[in-house]
Amino acid sequence: MRRVLITGGASGLGQVMARRFIAEGDRVAVCDVDPAAIEAFSNQHPDHIAALCDVTDETAMTRFLGDIESKWWGIDVVCANAGIGGPAGRIEELTLKDWQACLDVNLTGAFLTCRWAARLMRKQGSGAIILTSSTAGQFGYPLRSPYASAKWEIVGLTKTLAMELGPAGVRVNAICPGAVEGDRMDRVVAMEAAASGQSEDTVRAQYVRGVSLRAWVNGDEVADTVLWLSSDQARKISGQIIAIDGHTETLAP
Ligand code: NAD
């Protein structure tokens with residue numbers, strides 16, 4: 001039975017990951033900023049930990065992570081998953097506030113999460129950290145410069161932490177999901193359509209056109225890779241940036 005932390009785990013991809021770890025018999029803790037989603041998660045999984053906590057808030061994170069530490073005395077798997085899409089628009093249309101908010105959640109949240117995980121896992125001499133980047137962390141992504149910047153930085157963080165923690169027996173990898181079916185991509189498509197003056201159908205079709213397998217991804221396909229990366233089968237896999245995206249050729253077809 002492993003001890004698993006998933007940030008942003010009360011809905012979306014994080015929730016799918018949580019459900020899959022729980023099905024494996026693992027103990028799961030999630031944090032999220034959505035009170036309704038946290039309540040629903042707690043009701044559904046009363047034997048696991050669910051807390052309202054913003055990954056950008058150092059004080060709240062210290063409290064939440066300290067609570068896990070005092071209950072579990074260690075951590076085996078950490079999924080630094082919390083993220084927001086940030087604004088859509090050309091750089092000259094973006095505000096500093098929007099830029100900052102996007103980097104805060106996607107990057108600084110991962111920093112605070114990984115800093116805690118690194119301390120515990122180094123002491124244990126074991127553990128797996130899985131950060132969530134994106135295909136936006138592998139390609140230029142017009143109209144989404146804050147998001148692409150944050151997700152490229154996740155790649156730099158992953159490669160660096162794999163080197164810092166590898167000698168202590170800790171593995172660090174990143175996943176890069178492509179466009180995932182669900183509410184979030186519905187919101188992103190609507191936002192990009194408004195910013196580019198195209199219809200939502202056109203934006204949606206463009207995502208598929210830029211992918212070799214001509215398909216979107218679903219949450220379980222992403223979770224399959226997360227479970228494998230966290231398992232003993234991946235014991236020699238570290239420092240890797242793994243796309244689950246049907247092979248993205250371009251984000252600007
Ligand atoms: P989502 O919006 O469906 O879920 C994200 C969850 O994170 C939500 O429950 C939200 O409340 C929570 N959250 C947001 N800000 C938070 C904060 N400050 N602190 C704690 N929790 C917070 O999005 P998703 O699709 O599940 O995305 C999960 C991760 O996958 C993100 O890092 C995202 O960038 C990445 N990703 C998503 C897609 C996609 O197509 N959906 C593609 C590539 C990468």
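The values are calculated or read from the model by the stated rules, or taken from the named source; none is laboratory data. Computed from a prediction, not measured in an experiment: that's the story for all the values here. Neighbour counts run over all protein chains shown; Cβ positions are idealised from the backbone, glycine included. For accessibility, only protein heavy atoms count, side chains too; no ligands or nucleic acids. Shrake-Rupley method; radii C 1.70, N 1.55, O 1.52, S 1.80 Å.
Mind checking the dipole of the chain: about its Cα centre, +1 per Lys or Arg Cβ, -1 per Asp or Glu Cβ, Debye to the nearest 20? Walk me through the intermediate numbers first.
On the way: 24 positive and 30 negative charges, 180 e Å.
The dipole magnitude comes to about 860 debye.
Tell me, in nm to one decimal, what length is gained between residue 40 and residue 186 on full extension, where the rule is 0.36 nm per residue of separation less the Cα-Cα distance? Write down the numbers at each step before the final one.
On the way: separation 146, 0.36 × 146 = 52.56 nm, distance 2.20 nm.
Taking residue 40 through residue 186 to full extension adds about 50.4 nm, to one decimal.
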Rounded to the nearest Å, what's the spacing between the alpha carbon centres of region 145-210 and region 1-42? Just the number, please. 20
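May I ask what percent, to the nearest 5, of DSSP beta bridges between residues of region 1-112 are antiparallel?
Working: 0 of 12 bridges.
Within region 1-112, antiparallel bridges account for around 0 percent of the total.
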Length added when fully stretched, residue 215-residue 57, from 0.36 nm per residue minus Cα-Cα: 53.2 nm
Between residue 100 and residue 241, what length in nm is gained on full extension when 0.36 nm per residue of separation is reduced by their alpha carbon distance? 48.3 nm
Candidates 215, 36, 128; GNM for the chain (alpha-carbon contacts under 10 Å) flags as most fluctuating 36
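Could you work out [θ]222 nm for the chain from helices alone, using -39500 (n - 2.57) per DSSP H run of at least four and dividing by all its residues? Round to the nearest 500 deg cm²/dmol. Let's see the in-between values first.
Numbers: 9 runs with 118 residues, N = 253.
So the helix-based figure for the chain works out to -15000 deg cm²/dmol.
What is the total of Lys pairs in region 38-163 with C-alpha atoms under 26 Å apart, excluding same-chain pairs fewer than 8 positions apart? Please list the in-between numbers first.
On the way: 71/123; 97/151; 123/159; 151/159.
Here the count comes out as 4.
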Computed on Cα atoms, Rg of the chain relative to 2.2 N^0.38 Å comes out at 0.97
So if I take the alpha carbon set of region 189-239, get Rg, then get Rh from the Kirkwood formula, what is the Rg over Rh ratio? 1.22
Can you tell me the 0 to 90 degree angle between the C-alpha axis of helix 12-23 and the longest principal axis of the chain, rounded to 10? 30
Once the Cα atoms of helix 219-230 and of the chain are each reduced to a long axis, what angle between those two axes, in degrees from 0 to 90 to the nearest 10, is obtained? 40
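Over the chain, what is the percentage of antiparallel beta bridges among all DSSP beta bridges, to the nearest 5? Numbers along the way, then the final one.
Numbers: 1 of 28 bridges.
Of all bridge pairs located within the chain, approximately 5 percent are antiparallel.
Averaged over every viewing direction, what's the projected area of the C-alpha convex hull for region 21-121? Give it in nm², one decimal, please. Display every interim value, and only then the final one.
On the way: hull surface 30.2 nm².
For the Cα atoms of region 21-121, the hull's average projected area reads 7.6 nm².
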When all protein chains stay in place, what accessible area (Å², nearest 10, 1.4 Å probe) is found for residue 123? 150
